[in-house]
Amino acid sequence: MNFLSSVKFSIIVLLLITTASLIGTFIEQNKASQFIYHSFWFLGLIILFSINITLCTVKRLKNITKKNIGFLATHLSIIVILIGALVSITMGEKGSLMLYEGHSSDRFFLSQDKSVPLPFTLKLNDFILEFYNEGSGKLLIKSKEEKEYQEYPINAGSEIDYRGKKVKILQYLPDFEINLETKKATSKSDVPNNPALQVEVVSGHGGNRTKWLFAKFPDFHGKDNDDIEMKFVTGGGRIKDFKSELEVSENGKKVLTKTIEVNDPLTYKGYKIYQSSYDDQNLAWSGLQIVRDPGLVFVYIGFALLILGVVFIFYIKPIL
Amino acid sequence: MESTLINIGFVFYVAAVILYGIFLFGGINRIKRFATMALSSGFLLTLIAYIIRWQEAKRLPLSNMYESMFLFTLSLVFFYVIFEFKYKFNKIGFISSILALLLSSYLSFLGDSSIEPLVPALQSNWLTAHVVTYFIAYGALTISLITAIIALFPNPREKDRINFSNVTYRIISFAFPFLMMGLITGAVWAKQAWGDYWSWDPKETWSLITLFIYINYLHLPYTMRSALKKAVPNKSREDLLINIFAIVGYFAVVFTYFGVNYLLAGLHSYTN
C-alpha cells in the first residue's frame with residue numbers, strides 16, 4: 001500500500017505510460033488509437049496512475065499548510081482533469097454533419113451509420129469561402145520581338161506601362177463563365193476553377209481593345225494583332241477564411257443565427273458546432289463537427305488549478 | 001531591412017563564437033566581456049529584425065518553421081545571457097554561441113523568410129499564448145541541456161563554486177510551468193478550433209511525453225537521499241541518473257519540435 005502511494009511508483013507508472021505513448025506515435029494514427037490509447041491495458045495504466053496520485057494526495061490532504069498548498073493544487077488538479085475526461089468519454093457525444101446550402105438537419109452522425117437526434121434543427125443558410133487578394137496572380141507581358149516576359153502585379157483598375165503601351169487591368173473573376181441570359185461574363189463561384197483577367201490595351205492608332213486572359217488557357221487569345229503578347233498567371237490563391245452561416249430553430253421558430261468559422265464555434269443547449277471542413281470542389285456542402293461535452297467544465301477547472309499550482313510551487317513558494 | 005539586420009546579427013554571432021572560443025581554449029580572461037558584448041549585440045539585432053517583421057506581417061511572427069526558429073534564437077540567447085549574468089560563468093558561452101550561430105545561419109541562408117498570411121486554423125489569439133510559452137520553455141531548457149551535460153563530467157575547480165546538477169534543476173524548474181502552460185493553451189485552443197482538447201496526434205503526444213519526462217525528472221530527488229545536494233561534491237550515481245533524465249527530456253523537446261514535423265504526419269504538419 002505504501003508502495004502504491006510512493007513517488008517511486010509514480011515514476012515507474014509514468015515511464016510506462018510515456019513508453020506506450022511513444023510507441024503509438026510511430027504507427028498509423030487510427031491503429032494507434034485502437035491498439036494503444038484506447039486499449040484496456042493503457043486504461044489500466046491510467047487507472048494505476050490515478051490510484052497513485054489519489055493516495056498521495058489524500059495522505060497529504062490531512063495537512064494543509066503553506067508548504068503543501070502547491071502540491072495539493074497540482075495533484076488534485078490532475079485528478080479533476082482525469083474525472084473530467086472520464087465524464088466526457090462516458091456521457092458526452094461527438095460527431096459530424098455534412099450540410100448542403102439551404103438544407104437543415106435535426107440529427108448528426110456519431111459514425112458512418114449511427115446518427116443521434118439534436119434537440120433543435122440546424123440549417124446552413126450560406127457557406128462562404130474567402131481568399132487572400134495577394135494570391136490573384138501576375139500579368140506577364142512581352143512584345144513579339146522580346147524573348148522574356150515582364151511580370152506585373154495585378155491590381156484591379158491599375159494601369160501598366162509596357163514600353164510606351166498602356167495596359168489597364170479591368171477585373172478578375174475566379175470562375176469565369178458567360179451567363180447565357182445576359183451574355184455577360186460572370187463568376188460561377190468563388191473557387192478559382194477558371195481564373196480570368198480582363199485587360200484593356202490602349203492602342204496608339206486609336207481604339208482600345210478589351211480582352212479576357214485565362215490562367216488555365218494561356219493560348220486562348222482569340223484574334224490577336226497586337227504587337228504584344230500577354231499571359232495571366234495565378235499565384236496560389238491562398239484561402240483566408242471559410243465560414244458557415246447557421247440558423248438554429250426549435251419547433252419551427254428561429255432561435256439563433258451565427259456565422260461560424262474555425263476557432264469560432266456556435267454554442268447552444270450544451271452543444272457546440274464547429275466549422276470542420278467543406279466541399280472543395282463545388283462549395284456545395286459544409287462539414288461540421290458537433291460535440292456535447294459535459295466533462296469540459298471539470299477539465300477546465302483542473303487546468304486552471306494546475307496552472308495556479310505550478311506557478312505557486314515554482315515561482316511563489318521560493319520567495320515566501 | 002529585416003534580412004540585413006539578420007545578416008549583421010549573423011556576423012556578430014560568428015564573432016561571439018570566436019571570442020568565447022579564445023576565452024575557453026586560450027584561457028584569456030580579459031576577452032570574456034567582449035564575447036558577451038558580441039553575443040548581446042547579435043541578440044539585439046535579431047530582436048530588432050523580429051520587431052520589424054512583426055510590423056510588416058501585422059501579427060506576431062510565430063506561424064511557421066522560419067518564424068518559430070526566429071523566436072527560438074531569441075529565447076536561447078536571452079536565457080544564456082541571463083545565466084551568464086546570474087552565475088558569472090562564461091565557459092558555456094562557446095557552445096551557446098555556436099547554437100545561436102547555427103540558428104542564425106538557418107535564418108540568413110536556408111530558411112524561407114517570406115511572410116505568408118495565416119491559414120484559417122491559425123487565426124486565433126491562442127496561437128500567441130501557445131507558441132510563446134513553448135519557446136520561452138525551449139530556450140531555457142536548451143541551457144539546462146548544457147548544464148546537465150557538464151554535470152556529468154568531473155571538473156573539481158568549477159564544481160566547488162557551482163553545483164551543475166543543482167543549476168540544471170533550477171533552470172528546469174523555471175521552464176516547467178511554461179511547458180505546462182504551452183500544453184494547456186494548446187489543448188484549450190484545440191477544443192475551440194475542432195472540438196477536442198486531446199486527440200493523441202503525434203505532436204500532442206510528444207509534447208505530453210516531454211512533459212512526463214520532465215515531471216519524472218522533477219520528482220526523482222524525492223526518491224533519493226543525496227541528490228543535488230552540495231554535501232556530496234563528487235558525482236554520485238543519483239546525480240548521474242537525474243542529469244541523464246534532463247538530457248533525455250531535451251531529446252524529447254527536439255523530437256516534439258522537429259522530429260514530429262519531418263518524420264511523422266498528423267494534424268500539426270501544416271505548421272512547417
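List of remarks:
- When residues of the range B:202-214 are limited to those that are within 7 Å of another protein chain (Cβ to nearest Cβ) and in contact (Cβ under 8 Å) with a residue 12 or more places away in the chain, the one surrounded by the fewest Cβ atoms within 10 Å (Cβ to Cβ): B:L208
- Applying a threshold of 8 Å to beta carbon distances and a minimum spacing of six or more residues, or different chains, the list of pairs starting in the range B:107-119 at a residue that is among the aliphatic types (A, V, I, L, M) and ending at one that is part of a loop (DSSP other than H, G, I, E, B) and open to solvent by less than 30 Å² (accessible area, probe 1.4 Å) reads B:I115/B:P61; B:L118/B:S63.
- Subset of the range B:183-200 that is hydroxyl-bearing (S, T, Y) and more than 30 Å from B:P221 (Cβ to Cβ) - its residue that is nearest to the other protein chains (Cβ to nearest Cβ): B:Y197
- A single entry from B:L102, B:L152 fulfils the requirement of being more than 14 Å from chain A (Cβ to nearest Cβ), surrounded by fewer than 18 Cβ atoms within 10 Å (Cβ to Cβ), without any contact (Cβ under 8 Å) to a residue 60 or more places away in the chain and of a type in the set (A, V, I, L, M, F, W, C): B:L102.
- Per the conditions (1) touching a Leu at 6+ places or on another chain (Cβ under 9 Å); (2) farther than 27 Å from B:T128 by Cα, the sole criterion not satisfied by A:G302 is (2).
- B:R59 vs. criteria under 20 Å from B:T133 (Cβ atoms) and open to solvent by 30 Å² or more (accessible area, probe 1.4 Å): yes
- Restricting attention to the range A:7-51 and to residues that are open to solvent by 30 Å² or more (accessible area, probe 1.4 Å) and among the polar types (S, T, N, Q), the residue that is farthest from the other protein chains (Cβ to nearest Cβ) turns out to be A:S50.
- Residues located in the range A:99-118, provided they are open to solvent by 60 Å² or more (accessible area, probe 1.4 Å) and part of a strand (DSSP E or B): A:Y100, A:S104, A:D106, A:R107, A:F109, A:P117
- Consider the range A:127-153 and keep the residues that are modelled with pLDDT of 80 or more, away from chain B (no Cβ under 14 Å) and open to solvent by less than 60 Å² (accessible area, probe 1.4 Å). The one that is farthest from A:E101 (Cα to Cα) is A:S143.
- The set of residues in the range B:115-136 that are open to solvent by 30 Å² or more (accessible area, probe 1.4 Å) and in contact with a helix residue (DSSP H, G or I) (Cβ under 6 Å, 6 or more places away or on another chain) comprises B:I115, B:W126, B:A129, B:H130, B:I136.
- Selected residue (criterion: farthest from the other protein chains (Cβ to nearest Cβ)) from residues of the range B:164-182 that are of a type in the set (A, V, I, L, M, F, W, C) and open to solvent by less than 30 Å² (accessible area, probe 1.4 Å): B:F164
- Of all residues in the range A:271-320 being modelled with pLDDT of 95 or more and part of a loop (DSSP other than H, G, I, E, B), the one that is least open to solvent (accessible area, probe 1.4 Å): A:G295
- Taken together, A:L55, A:L16, A:L4, A:L43 contain a single residue that is farther than 17 Å from B:L220 by Cα and in contact with a Leu (Cβ under 7 Å, 6 or more places away or on another chain), which is A:L55.
- Enumeration of residues in the range A:248-267 that are in a strand (DSSP E or B), away from chain B (no Cβ under 12 Å) and surrounded by fewer than 18 Cβ atoms within 10 Å (Cβ to Cβ): A:S249, A:E250, A:K253, A:K254, A:V255, A:L256, A:T257, A:K258, A:T259
The values are calculated or read from the model by the stated rules, or taken from the named source; none is laboratory data. No experiment lies behind these values; they were computed from the predicted model shown. With ideal geometry, Cβ positions are generated from the backbone for all residues, glycine too; neighbour counts draw on all protein chains shown. SASA here: full protein model, heavy atoms, side chains in, ligands and nucleic acids out. Shrake-Rupley method; radii C 1.70, N 1.55, O 1.52, S 1.80 Å.
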